[in-house]
Amino acid sequence: MVEALAQNTNEYSFQERGTSVNTTAKEIEKMLGMYLKMGLVQMAGTRMYWETETRYSPVADVMPRNRFQSLLTSLHFVNNMTVSETEKKDKLWKLRLWLDSFREKCLQVVPEEHNSVDEMMIPFKGKFSRIKQYMRGKPNPWGFKVWVRTGISGMMCDFDVFQGSVNGIRAKSELGLSGHRGQLQDNEKAGVVYLDLTAAYDTVWNRGLHLKLLRTIPDRHMVKFIMETPSNRSFNLQTSSGQCSRLRRLKNGVPQGSVLSPMLFNVYIHDLPDTASRKYGYADDLAIMLSRPTWKAMEEGLNEDMGTLVAYLQRWRLQLSVGKSVTAAYHPSTSEARRELEVRVDNKCLEVQQAPKYLGVRLYRTLSFKQHLEEVKAKVTSRVALIRRLAGTTWGVSAKTLRISTQALVFSAAEYCAPVWSRSPHARK
């Protein structure tokens, strides 16, 4: 990252002045360190760190003032000449290289068991106002709003800088629904295929799983220990009359009902082939999404990617349920609301749904979450009515029982996936 920063700084200074500042990665590191030290001892102006009366040696002794200011005016994170107009729609395109690199490092942090997704403010009152936000009532009302996922220790695992009501479009965005909505606002169409695997956990090929574990964990003793769980399993059937079938041995599959099973399944499918579509998955609930400006390009891309995925599944002895897999299109155009995607697998057209459910969330064409919130409202209303029946003044249950029942029946339904739909305008109705 620092090498790229030094190179882009040299190129920018040459483009603007005709001469390069000839900086190096080591000098850039010194400059960044000086900035960190300036944050510890703040002064009214940058020049004061070098002035006689206010001289601050940890900064002034590292680099001359004129050299520091020369680098500061030429500092550039990206080569302006190589950025396309589409990439410039991203309000943070000048910092995108560093932001993406930093996010990749955050994603490498081992995730903790409990996570939280919330907004965070980076205090800032400078002139850069394209994405600067004002949030009244916050401890730091002025600054940059960032959506952050952290563990229970406070360590940041993922983030996304909020760019206003209309997000910039990024070719390699991994923001899930946020990425979809950004492209819908740019009048692109998003086609999604929700894949259903037939008895996914029960059809995992044990020899293939063993091979992939060895590739993932370079310790054959640990792999042998892990493989004891899916191996050497058998079952028989018993009737109420006492009759018993002979013992049958299970050759494939991972045992369901344990924490290890979804982990082993994720290892088994972690090497899904590269496709033009983005891939999303939670255990055996898989989906692919492709955004294109035209229906034809979207259908061609999805059909090609489905062919690639079906070949992969067949190779590793997993079976796609064509009858249960569905497709859906997401776009803001009302005139094309009845237009249906045509995605085929083995010459069979997949079922089209206007508002399919994925991981318990109803996703309608415009991603407004209106239908999902209506379903949640109906579910919560019926459960609240049930709680009221238990709350009689003379014969009702105790307050403790009511509280536990409310948390189990009402809160669980109302708060499910709330970070996804909470910003929808329909959530306030």
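General remarks:
- Here's the picture: charge each Lys and Arg Cβ at +1 and each Asp and Glu Cβ at -1 in the range 2-82, and of L75, T19, L40 the one pushed furthest to the positive end of that dipole is L40.
- Shape metrics for the chain, restricted to C-alpha atoms - Rg then Dmax, Å: 28.0, 99
- Residues whose amide H falls under 5 Å from that of D158, counting only those 5 or more places apart or on a different chain, are R149, with hydrogens built in the peptide plane.
- Less than 5 angstrom separates the built amide H of V352 from those of T327, all sequence-distant by 5 or more or on a different chain.
- Centre-to-centre separation between the Cα atoms of the range 251-321 and those of the range 135-166: 32 Å.
- Beta bridges per DSSP, both residues in the chain: antiparallel share near 95 percent.
- Sites M43 and K138, calculated FRET efficiency, Cβ-Cβ separation with R0 30 Å, nearest 0.05: 0.65
- Packing-based order for 203-214, 60-71, using average beta carbon neighbours within 10 Å, highest first: 203-214, 60-71
- Applying the criteria of a DSSP loop state and at most 11 other Cβ atoms within 10 Å to the GluC sites (Glu not before Pro) of the range 53-105 yields E53, E85.
- Taking each of K94/K125; K37/K91; K89/K138; K88/K145; K30/K145 in turn, the alpha-carbon distance tops 24 angstrom for K37/K91; K89/K138; K30/K145.
- In degrees, nearest ten, helix 25-40 long axis to first principal axis of the chain (Cα): 90
- Two-site label geometry, Q108 and I152: point separation in nm, points 7 Å out along Cα→Cβ: 2.6
- Principal axis box of the range 44-120, alpha-carbon based, largest edge first, Å: 52, 39, 21
- Simple rule: put +1 on each Lys or Arg Cβ and -1 on each Asp or Glu Cβ in the chain, find the dipole, and look at L92, Y364, L209; the Cα lying farthest toward the positive end is Y364.
- Global size of the range 370-428 as Cα Rg and Dmax, reported in angstrom: 13.5, 41
- Selected from Y49, Y330, Y268 as most flexible by GNM, with the chain as the system and alpha-carbon contacts under 10 Å: Y49
- 3J(HN,Hα) along the range 227-244: 5, 5, 5, x, 9, 6, 9, 8, 8, 8, 10, 10, 9, 5, 7, x, 6, 9 Hz, from the Karplus curve 6.51 cos²θ - 1.76 cosθ + 1.60 with θ = phi - 60°, whole Hz, x for Gly and Pro.
Values quoted throughout were computed directly from the atomic coordinates according to the rules given, and no laboratory measurement underlies them. Computed from a predicted model, the values in this text were never measured in an experiment. Neighbour counts are summed over all protein chains in view; Cβ atoms, including those assigned to glycine, are modelled from backbone coordinates with ideal geometry.
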